[in-house]
Amino acid sequence: MRRFLSLLRLSYGQKLFLLATLPLVLAVAAISVLVANQSRQLADREIKALEIQLIEAKKAELKNYISIARTAFVNIYGRAAPDDEEAKLAVTQILSSMIYGQDGYFFVFDYEGNNLVSPRQTYLIGKNWTGLEDLNDTPITDELIRIARQGGGYHTYDWPKPSSRETARIVTYVVGLQDWQWAIGTGIFIDDVLETVAAARAEVENRVRRTSGYILVITVAALISVFMSGLVINIRERRLADAKLKKLTQRVFDAQEEERGRVARELHDGISQLLVGVRYALDSARRRFKSGDDRALETLDKGIDHLSGAIQEVRRISRDLRPGVLDDLGLGPALKALTDDFAVRTHIETEFHTVVFRNRLDKDAKNALYRIAQEALTNIERHSNATHVTINVRGHKNGATLRIADNGTGMSPDATSRSAPGLGLRNMQERVEQLEGSLRLYSSRSGTIIEAEVPLSHMLQPEEESPDNRKASA
């Protein structure tokens, strides 16, 4: 059972191949069965028509034989009385001498069932054969007499062939001489007709099998073609995926190196200098204390101020890496703190607008929108030469939208191109795509607008009002 269940755990490529080939196999199987049935039905009709045509030809031949026999004894029969034994003997002698082919002869039964003429099977002569039946329980003598009493007709049954003594199918034609109470007839074996029909049916079956074989070969060729095409596409897609993965990995490394470089610069330019100033102040204060200089306390106060600045700088760097206010209060307060810090640091006039969300954003959406705003402000600081920035975040019936606009110099067409975006824009785009949202960028000489929208699926149901959650707006 476990082995069977393990077989059901197919890979994505195997499931795709099975999904592509199973309908094809089922369709080909249905077509094969339909073609075979239609071919057999059509062939059966044609073979049946051929069989009827051949048997009708045999029956016409029997009628001709009976006509020839009647012509041979009609004068004798026409002048004879019902009890003319000499005329009857003459007619039996004429019929006994009329044999044809290997197995053709005429036979005579009286209406009592006694055999009077049977030149090729003389053991029948002089015996009563009332109730005689063939191997399939088909009545022979009684049926022949019945047909003769009614004037004449055909009867088919199994009978031993005089030439080989093998039982075969025979068609007989019998007429009645009512004055003498005789049934005169002849028969012709139709085993050649049955062999022809059987050969035709065998040929039909061979054709059906050949057609099924052709369909099977075509199906196998189609399956191989599908498999090879899928294999080629799979290999190609895997190579493309590997190339994309390598690019993505390189971009991750680039982003990590850029972030490390930024943190290193801030540590070197900010905290390092502040800590060096603290050390010099402390050293200076120690020397002045030893010498009894009254300015020692003033120098110590400067060191404490430098240390406070270092502490604030560490807090700022920590907030940039992962702002605690984002988890504690939500997206709105986190963006407000980000814009205030940006305005103080860059001296760029910054406006922040938001409305209270009816639904709260989930964790992924909050992180993504915050990082997009952070990346956008970094780009504005470095490249835009803007003097005014507006940030607007709001919720609506379709989800939530973050809009960042500046009055800077805009972006070049190469930078906004989808085929070659910068690392920052790629990061924004990928963050939004992971949320199944959209990122729109509008840039001109009068400024740049970035709009990031996340779908409604990332909006949580509103929580009940409480003193703890009234502080959070998103």
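The values are calculated or read from the model by the stated rules, or taken from the named source; none is laboratory data. Nothing here was measured: the structure is a model prediction, and the numbers come from that model. Ideal geometry is used to build each Cβ from the backbone, glycine not excepted, and the neighbour counts take in all protein chains shown. With ligands, DNA and RNA removed, areas are computed over all heavy atoms of the protein, side chains included. Shrake-Rupley method; radii C 1.70, N 1.55, O 1.52, S 1.80 Å.
Odds and ends about this structure:
- Residue check, residue 260 assigned to a helix (DSSP H, G or I) and either within 29 Å of the chain's Cα centre (by Cα) or touching a residue at least 40 places away in the same chain (Cβ under 8 Å) (or both): no
- Checked against (1) modelled with pLDDT of 90 or more; (2) aromatic (Phe, Trp, Tyr); (3) farther than 30 Å from residue 196 by Cβ, residue 65 passes all but a single condition, namely (3).
- Positions within region 111-131 being closer than 24 Å to residue 67 by Cα and assigned to a loop (DSSP other than H, G, I, E, B), in sequence order: 111, 113, 118, 119, 120, 121, 125
- For residue 53, the conditions (1) open to solvent by 70 Å² or more (accessible area, probe 1.4 Å); (2) within 40 Å of the chain's Cα centre (by Cα); (3) at pLDDT 85 or above all hold with the exception of (2).
- Under the condition of being open to solvent by less than 30 Å² (accessible area, probe 1.4 Å), at pLDDT 85 or above and not in a helix (DSSP H, G or I), the residues counted in region 323-348 number 1.
- Scanning region 132-180 for residues that are open to solvent by less than 30 Å² (accessible area, probe 1.4 Å), among the small types (Gly, Ala, Ser), over 20 Å from residue 101 (Cα atoms) and not in a helix (DSSP H, G or I) gives 153, 176.
- Matching residues in region 349-395 - criterion: being assigned to a strand (DSSP E or B), open to solvent by 30 Å² or more (accessible area, probe 1.4 Å) and either under 25 Å from residue 445 (Cα atoms) or among the hydroxyl-bearing types (Ser, Thr, Tyr) (or both): 349, 350, 351, 352, 353, 354, 388, 390, 392
- For region 417-474, the tally of residues that are open to solvent by less than 50 Å² (accessible area, probe 1.4 Å), at pLDDT 60 or above and in contact with a strand residue (DSSP E or B) (Cβ under 9 Å, 6 or more places away or on another chain) stands at 20.
- Sole exception among (1) modelled with pLDDT of 75 or more; (2) under 20 Å from residue 401 (Cα atoms) for residue 357, by number: (1)
- Candidates 197, 226, filtered to the one that is in contact with a Phe, Trp or Tyr (Cβ under 9 Å, 6 or more places away or on another chain), among the hydrophobic types (A, V, I, L, M, F, W, C) and surrounded by 14 or more Cβ atoms within 10 Å (Cβ to Cβ): 226
- Residue list for region 58-110, restricted to those being assigned to a helix (DSSP H, G or I) and among the β-branched types (Val, Ile, Thr): 66, 68, 71, 74, 76, 91, 92, 94
- In the condition set (1) open to solvent by 10 Å² or more (accessible area, probe 1.4 Å); (2) under 48 Å from the mean Cα position of the chain (by Cα), residue 400 is compliant with all but (1).
- Conditions (1) modelled with pLDDT under 80; (2) open to solvent by less than 70 Å² (accessible area, probe 1.4 Å); (3) closer than 30 Å to residue 24 by Cβ; number of the one not met by residue 241: (1)
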